[in-house]
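The values are calculated or read from the model by the stated rules, or taken from the named source; none is laboratory data. Predicted model only: the values in this text are computed from it and were never measured. Please note: Cβ atoms are built from the backbone with ideal geometry, for glycine as well, and neighbour counts cover all protein chains shown. Ligands, DNA and RNA are stripped out before the accessible areas are found, and what is left, the full protein with its side chains, is counted by its heavy atoms. Shrake-Rupley method; radii C 1.70, N 1.55, O 1.52, S 1.80 Å.
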Amino acid sequence: MKFFVDSADLSEVREAVSWGLADGVTTNPSLLAKTGRPYAEVLREICAAIDGPVSAEVVATEAAAMCEEGQKLAQIHPNVVVKCPLTIDGLKATKALSARGIRVNVTLVFSPLQGLAAAKCGATYVSPFVGRLDDLGHDGFAMVEQLVRILRNYAYPSQVLVASLRSPNHVLRAAETGAQVATVPFNVMRQMLEHPLTAIGLERFLADWHKTKQKI
Ligand code: G3P
């Protein structure tokens, strides 16, 4: 499974890269706005920090304008993947951009049929949002399982990129669906690596070792 860092914060991206776990980055307009910095500058720095796909989202809502913005974003760096929302215009833009060889991550996907439509339009990645479905009491992962199965049924090359993950359990469930990618907030990436028994066990090993007065 690939892990993307769901963040536009350079320090988080660099730290996750240093752990050897980050295979890419996803941003969105809210994450970029949070930086308070020019989006192109942030994207260039992220692309310099990681050798992997970096998703950057268009903000236009009409297909032609989405395509213009998508081409502009793609020119920032070869690793930039253009994010388009799953609207009718977003699908039109996805088809046009992917026909030009520009990779598209179709985002804000909340149903299997939306995901199938994105794959049919040539999406490189399809991003089902599970946390926001769970917030409404729906089973986001049941939807992801259906989407993974449907894309596998017809051998679509589109990769399922599970997004809106809020906990280590979400990452676990994403991995169990067979989705190719999980985009993980930095705090969740740290949480999923830490376990109290690991800390307790290490403390005990070191205490016993120190009693030997030896050095390695
Ligand atoms: O970046 C896309 C997605 O991961 C956003 O997650 O927590 O805002 O629903 P969230």
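The table below gives the values:
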{"read-out": "Scan of the range 93-118 for residues that are touching a residue at least 24 places away in the same chain (Cβ under 8 Å) and open to solvent by 10 Å² or more (accessible area, probe 1.4 Å), ordered by number", "value": "LYS95, ALA96, SER98, ARG100, ILE102, ARG103, PHE110, SER111, PRO112, GLN114, LEU116, ALA117"}
{"read-out": "Flag for VAL130 being within 14 Å of the ligand (Cβ to nearest atom), in contact with a helix residue (DSSP H, G or I) (Cβ under 6 Å, 6 or more places away or on another chain) and under 23 Å from ALA99 (Cα atoms)", "value": "no"}
{"read-out": "Among (1) over 18 Å from MET1 (Cα atoms); (2) open to solvent by 10 Å² or more (accessible area, probe 1.4 Å); (3) not polar (S, T, N, Q) - the single one PRO168 does not satisfy", "value": "(1)"}
{"read-out": "Criterion: within 20 Å of PHE3 (Cβ to Cβ), open to solvent by 20 Å² or more (accessible area, probe 1.4 Å) and in contact with a Lys or Arg (Cβ under 7 Å, 6 or more places away or on another chain) - qualifying residue of GLN159, GLN191, GLN180", "value": "GLN180"}
{"read-out": "Failed item in (1) open to solvent by 30 Å² or more (accessible area, probe 1.4 Å); (2) free of Cβ contacts under 8 Å to residues at least 24 places away in the same chain, with GLY201 passing the rest", "value": "(1)"}
{"read-out": "Selection within the range 136-179 - within 16 Å of the chain's Cα centre (by Cα), away from the ligand (no atom under 14 Å from the Cβ) and of a type in the set (Lys, Arg)", "value": "ARG173"}
{"read-out": "Any chance ALA96 is within 16 Å of the ligand (Cβ to nearest atom), in a helix (DSSP H, G or I), among the hydrophobic types (A, V, I, L, M, F, W, C) and within 30 Å of GLN71 (Cβ to Cβ)", "value": "no"}
